[in-house]
Amino acid sequence: MTAVFFWRRTDLDGLERLELSIGPDGIVATGHVLSVEDGGFSLVHRWDVDPAWRARSVTVERTNAEGRRVLTVERDGDGWRVDGAPRPDLDGVDEPDLSVTPFCNSLPLRRLPQADAASLTLDTAFIDGAALTVARSRQRYHRKGPRRARYVDLGLSRGFEADLDLDADGLVLRYEHLFERVAPGT
């Protein structure tokens, strides 16, 4: 199955087109982002995700006025490699979290129990899409209903919180303050 999704930024000018292919061996997601953030950039991100919705790797290619740069984050046992080099500071991290897309929230949201008031806390490898840096961060998700969750940042952006409205597959429809899904042609 292959599906295409579009999100627009609600805090600044930006748009994403994401192609999601789900097969028996896993999921491949490829997103194209255009943003005016930090002087403007285009960004392509490609996710290799296992059938349990755990990231195997994400590759991010950013082009801006300074040129083109590629960053790769790969799972390595209980740790992570960034551009092929081990990153011991990321040992035990659950998932990557890319700042410029709501797609990455789908990975932990699919593991969040369905019961109202259920909670999931995890460590992430936070990828700043504009700067292409990677740092450890912590976040929590609270279930607020069958298709609603609350995101709470406990790490790099401590204090930031947002409600997330989800579709039946656990993909973000609306991410308060940042993103909303749009249909092509709107």
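If we count other beta carbons within 10 Å of each Cβ, what is the order of ASP165, ASP83, fewest first? Could you put the intermediate results ahead of the total?
Details: ASP165 16, ASP83 12.
In increasing order of surrounding Cβ atoms, one gets ASP83, ASP165.
Could you give me the percent of Cα pairs per 5 Å distance bin for the range 122-161, shortest bin first, beginning at zero and ending with the bin that holds the maximum distance?
Pairs per bin, as whole percents: 7, 23, 23, 22, 14, 8, 3.
For the charge dipole of the range 127-168, defined by +1 on Lys and Arg C-beta atoms and -1 on Asp and Glu C-beta atoms about the Cα centroid, which residue among PHE160, ALA130, TYR141 has the Cα displaced farthest towards the positive pole?
Toward the positive end, the furthest listed residue is TYR141.
Highest GNM mean-square fluctuation, the chain, Cα pairs closer than 10 Å: which of ASP91, ASP153, ASP167?
The residue that fluctuates most here is ASP167.
Please give the Cα centre distance for the range 135-184 versus the range 29-95, rounded to the nearest Å.
Answer, in whole Å: 19.
Between ASP163 and ALA65, what is the FRET efficiency for a Förster distance of 45 Å, r being their Cβ-Cβ separation, to the nearest 0.05?
Numbers: r = 35 Å, r/R0 = 0.77.
Between ASP163 and ALA65 the formula returns 0.85.
First select every other residue whose beta carbon is under 9 angstrom from the beta carbon of THR10; then total the charges, Lys and Arg +1, Asp and Glu -1. Walk me through the numbers on the way to the answer.
Numbers: positive: ARG8, ARG9, ARG174; negative: ASP11, GLU176, GLU180.
So the environment of THR10 carries a net charge of 0.
Kindly state, as a whole number, the per residue volume in cubic angstrom of the convex hull around the alpha carbon atoms of the chain.
Numbers: hull volume 21.9 nm³, N = 186.
Residue-normalised Cα hull volume stands at 118 Å³.
Taking the Cα centre of the chain as origin and charging only Cβ (+1 Lys, Arg; -1 Asp, Glu), how large is the dipole, in debye to the nearest 20?
300 debye
In whole Hz and in residue order, list the ³J(HN,Hα) couplings for the range 167-173 that follow from phi through the Karplus curve 6.51 cos²θ - 1.76 cosθ + 1.60, θ = phi - 60°; x for Gly and Pro.
With coefficients 6.51, -1.76 and 1.60, one gets 8, 5, 9, x, 8, 5, 8 Hz.
Do you know the relative contact order of the range 2-182, to the nearest whole percent, from alpha carbon pairs under 8 angstrom that are 6+ apart?
Rounded, it is 15 percent for the range 2-182.
Laboratory data are not the source of any read-out in this text; all were calculated from the coordinates shown. Because the structure is predicted, anything quoted here is derived from the model rather than measured. So basically every Cβ, Gly included, is an ideal-geometry build from the backbone, and we count neighbours across all protein chains shown.
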